[in-house]
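One structure is given below, encoded as structure tokens.
The values are calculated or read from the model by the stated rules, or taken from the named source; none is laboratory data. Keep in mind that this is a model prediction, so the values were computed, not measured. Cβ placement follows ideal geometry from the backbone for every residue including glycine, while neighbour counts extend to all protein chains displayed. Note: areas computed on protein heavy atoms with side chains; ligands, DNA, RNA excluded. Shrake-Rupley method; radii C 1.70, N 1.55, O 1.52, S 1.80 Å.
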Amino acid sequence: MIGYILRRFGAALLVLFAISVLVFLIFFATPGVDPAARIAGKNADPATLAQVRASFGFDRPLPVQYALMMKHLFISHDLTSFVNRGTLVIPQIIEAVPVTLSLVVGAAVIWMVLGVGMGTLAGAMRGTLVDPLVMLLGVFGVSLPVYWLGEVVNLITQKQLHDSVFSWVPPLGYVPMSEGIGQWALHLLFPWLTLALLYAGIYARLLRGELINALNEDYVRTARAKGLSERRILVKHALRCSLIPIVSLFGLDFGALVGGAALLTEVVFGLPGVGKLTYQALQNLDLPVIMGTVLYAAFFVVLANAVVDVLYARLDPRVRRA
Amino acid sequence: MPEPLLEVSDLRIRFGGFTAVDGLSFSVRPGEVLGVVGESGSGKSVSMLGVLGLIRTPGAEVSGQVVFRGRDLLALKNAEMRAVRGREIAMIFQDPMTALTPVYTIGWQIAEQIRAHEKVSRRAARERAIELLGEVGIPAPEQRVDAYPHEFSGGMRQRAVIAMALSCNPALLIADEPTTALDVTTQAQILDLMRRLRADHGSAVVMITHDMGVVSEIADEVLVMYGGRAVERGSRRQVFHAPRHPYTWGLLDSVPRVRGARARRLPTIPGTPGASGQGCPFADRCAHSFAACAEVPPLTGGSGHLDACWLPEEKRTR
Ligand SMILES: Nc1ncnc2c1ncn2[C@@H]1O[C@H](COP(=O)(O)OP(=O)(O)OP(=O)(O)O)[C@@H](O)[C@H]1O
Ligand SMILES: [Mg+2]
């Protein structure tokens, strides 16, 4: 198992290296792009340009350029934004990370609890009215676009009913945990619910299908013939096997969301997270920031993948040897 | 004659409009081996699943009486039935490859069954699992107890399943074609094992198979099924030496003979199985069918040898 984990993370490092090379090549070694001009900032004077060119080694061979770029990114942290001159890229990302993490972790807890609960309920109560009702609820969650749902939630909680039912809802924005867990959670409550609703629907549907398949498996019949209780059969045998694909999907979704895919939720609720940062950078074609966020996103997606694989091996003994 | 351990009478199982088991009756005495034969689709598995209350298909109807040690199993509450399953009646299923939960070790699964019925510690249950695995012929059981199902071969899995079934010393073991999925050598070993275990534990066994050879080796009593009904019932001697039903004749003729004159070609029973609505279910495929076969023949006969056929006595020779 330890060997497997080491191998898996070794592979992840390799993938990260490959991604960084690829991103570097696409952003700064594409013919027709003057990388120095992209890094020096808007309306930079020739002196600055020359200085950037020397410092990033744009007159030297590509491998050296790559190494210098990584040094500026990860060691000296002095890559600056193209649009807002003087704003350092890396600290900006580091500041945005806790916002995104807070949003995604909270939402993930909610959607896993809801999704697994609903899926198990529907799968176990198949043939009764509970199943279609729960699934209808799930479809409802899946079919509401996040930006629309977010706007509606804002309209109701911030405007229409803000003076009555929802007077306790704080204004949009993010409050760090250091200012009190309560305020932090209160500010994130509706973003959490909005983001979680979509995923809860998807996960419930998926788990229900897996569970129904599992309940028809021979091993469940064996478990019944052993004289186990229905509850134990459901949880220990059927659900345990059904959770394997759910966990791997969860890892991928979680990685992607932390990597910036929660963009819409962040924009709608005014949360200054990584998604929002990427969104702004894209609008301004702020190449250094885009590169920073892309690498950051890649890091989380690859890390999540590796964690999922390790978890998968823990959950499913059949892949441990592979 | 001792009281029967299990007495099934008029068991009927319907899936929607399809009758899979149609008025089946049989009994098993303590320590006896009942061989249930019949070709694929004759309702062998379904009837045994019905006995254990394991039919879960929505809309399935099970009726009749299944009396085990004086109690009607079909009338038991869920919790009472759970206490019977696995402890008093254990079942081994047809396909050992898929019968075990893939994510738990063999030992864990055996211990789970023991602990479902007896108040013993985890450690004691594990010790018992190791003992049982050794008993069914798994080499190095102290190590193999921690193996996962996918690390076992088909034959070893079947042994593990048998060990699990025996873990609570059941009075009745229902084995649904325990050797079909295995190669011939392993088959012989498993049969040997079952014979030995029966001698050691004294359990009665219902052995489902479509292999007459297996029945002739292990069974005391034989039940021949066709189209969801019993067509012949009797001791092994009676059924093998003086078979009375044309279907049984067909079954016996399709067994290759080891000794004696060898048939030039293995005869097959013509047609396909399946109840033909009304009348004797076998009539369509029977070489001897005549006018009386338009009605369902009852299972009758004397001295423990019963059959369901209208043929007059003088025509009962193959
Ligand atoms: N859950 C079910 N729903 C509908 N029909 C079923 C179900 N289970 C079994 N049957 C039908 O009942 C009949 C008897 O099936 P059964 O599995 O008992 O056959 P079998 O004698 O065990 O055959 P085999 O030797 O192939 O195992 C078959 O026609 C089968 O299609
Ligand atoms: Mg069968």
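Sort out which residues of region A:221-235 are touching a residue at least 12 places away in the same chain (Cβ under 8 Å) and within 8 Å of chain B (Cβ to nearest Cβ), and write them in order of number. Before the answer, list the steps.
So the first thing to find is which residues in region A:221-235 are touching a residue at least 12 places away in the same chain (Cβ under 8 Å), and the list is A:223, A:233-234.
Matches in region A:221-235: A:Ala223 only.
Of everything in region B:151-182 that is surrounded by 21 or more Cβ atoms within 10 Å (Cβ to Cβ) and β-branched (Val, Ile, Thr), the residue that is nearest to the chain's Cα centre (by Cα) is B:Ile174.
Can you confirm whether A:Leu73 is touching a residue at least 12 places away in the same chain (Cβ under 8 Å), within 30 Å of A:Ala304 (Cβ to Cβ) and surrounded by 16 or more Cβ atoms within 10 Å (Cβ to Cβ)?
Values: touching a residue at least 12 places away in the same chain (Cβ under 8 Å): yes; within 30 Å of A:Ala304 (Cβ to Cβ): yes; surrounded by 16 or more Cβ atoms within 10 Å (Cβ to Cβ): yes.
For A:Leu73, the condition - touching a residue at least 12 places away in the same chain (Cβ under 8 Å), within 30 Å of A:Ala304 (Cβ to Cβ) and surrounded by 16 or more Cβ atoms within 10 Å (Cβ to Cβ) - is met.
If you take the residues in region B:47-67 that are more than 14 Å from chain A (Cβ to nearest Cβ) and away from ligand 2 (no atom under 16 Å from the Cβ), which one is farthest from B:Val296 (Cα to Cα)? Among those residues, the one meeting the criterion is B:Val67.
Looking at region A:38-52 only, could you name the residues that are modelled with pLDDT of 80 or more and surrounded by 18 or more Cβ atoms within 10 Å (Cβ to Cβ)? Once the filter is applied, which keeps residues that are modelled with pLDDT of 80 or more and surrounded by 18 or more Cβ atoms within 10 Å (Cβ to Cβ), region A:38-52 yields only A:Val52.
Would you point out the residue of region B:68-101, among those that are among the β-branched types (Val, Ile, Thr) and within 16 Å of ligand 2 (Cβ to nearest atom), that is farthest from A:Arg240 (Cα to Cα)? Give the derivation first.
Applying the first criterion (among the β-branched types (Val, Ile, Thr)) to region B:68-101 yields B:84, B:89, B:92, B:98, B:101.
Okay, now just the ones that are also within 16 Å of ligand 2 (Cβ to nearest atom), so B:92, B:98.
Working: B:Ile92: 23, B:Thr98: 16 Å.
This residue is B:Ile92.
If you filter region A:157-180 down to residues that are surrounded by 10 or more Cβ atoms within 10 Å (Cβ to Cβ) and in a helix (DSSP H, G or I), you find that the one that is nearest to the chain's Cα centre (by Cα) is A:Met177.
Tallying residues that are more than 9 Å from chain A (Cβ to nearest Cβ) and among the aromatic types (Phe, Trp, Tyr) within region B:88-122 yields 1.
So which residues in region A:4-17 are free of Cβ contacts under 8 Å to residues at least 40 places away in the same chain, open to solvent by 40 Å² or more (accessible area, probe 1.4 Å) and more than 18 Å from A:Gly292 (Cβ to Cβ)? Talk me through it step by step, then tell me what you get.
Within region A:4-17, the subset free of Cβ contacts under 8 Å to residues at least 40 places away in the same chain is A:6-7, A:10, A:13-14, A:17.
Cutting the leftovers down to open to solvent by 40 Å² or more (accessible area, probe 1.4 Å) gives us A:6-7, A:13-14, A:17.
Scanning region A:4-17 gives A:Leu6, A:Arg7, A:Leu13, A:Leu14.
The criterion of at least 3 residues that are closer than 30 Å to A:Asp34 by Cα is met by the following helices (runs of 4 or more DSSP H) wholly inside region A:237-293: A:274-284. Checking each residue in region B:8-44 for being polar (S, T, N, Q) and within 16 Å of B:Leu172 (Cα to Cα) picks out only B:Ser27. For region B:146-161: of the residues being assigned to a loop (DSSP other than H, G, I, E, B) and within 14 Å of chain A (Cβ to nearest Cβ), which is farthest from ligand 2 (Cβ to nearest atom)? The selected residue is B:Asp146.
Might you check whether a residue that is touching a residue at least 60 places away in the same chain (Cβ under 8 Å), part of a helix (DSSP H, G or I) and within 14 Å of chain B (Cβ to nearest Cβ) occurs anywhere in region A:299-312? Spell out the reasoning first.
Step one: list which residues in region A:299-312 are touching a residue at least 60 places away in the same chain (Cβ under 8 Å), which gives A:299, A:302-303, A:305-306, A:308-312.
Within this subset, residues satisfying the condition of being part of a helix (DSSP H, G or I) are A:299, A:302-303, A:305-306, A:308-312.
Add one more test, that the residue is within 14 Å of chain B (Cβ to nearest Cβ), and what stays is A:311-312.
Yes, region A:299-312 contains at least one residue that is touching a residue at least 60 places away in the same chain (Cβ under 8 Å), part of a helix (DSSP H, G or I) and within 14 Å of chain B (Cβ to nearest Cβ).
Annotation note: Cβ proximity below 9 Å between a residue of region B:29-46 that is within 14 Å of chain A (Cβ to nearest Cβ) and a residue that is within 13 Å of ligand 1 (Cβ to nearest atom) and β-branched (Val, Ile, Thr) (sequence gap 6+ or interchain) occurs for B:Ser45/B:Ile208; B:Val46/B:Ile13; B:Val46/B:Val21; B:Val46/B:Ile55.
Any idea which of A:Arg205, A:Arg126 is within 14 Å of chain B (Cβ to nearest Cβ), touching a helix residue (DSSP H, G or I) at 6+ places or on another chain (Cβ under 9 Å), surrounded by 14 or more Cβ atoms within 10 Å (Cβ to Cβ) and among the charged types (D, E, K, R)?
Values: A:Arg205 fails: within 14 Å of chain B (Cβ to nearest Cβ).
A:Arg126 is the lone residue from the list that is within 14 Å of chain B (Cβ to nearest Cβ), touching a helix residue (DSSP H, G or I) at 6+ places or on another chain (Cβ under 9 Å), surrounded by 14 or more Cβ atoms within 10 Å (Cβ to Cβ) and among the charged types (D, E, K, R).
Residue pairs whose Cβ atoms lie under 7 Å apart, sitting 6 or more positions apart in sequence or on different chains, and linking a residue in region B:278-291 that is assigned to a loop (DSSP other than H, G, I, E, B) to a partner that is at pLDDT below 80, are B:Pro281/B:Ala275; B:His288/B:Lys315.
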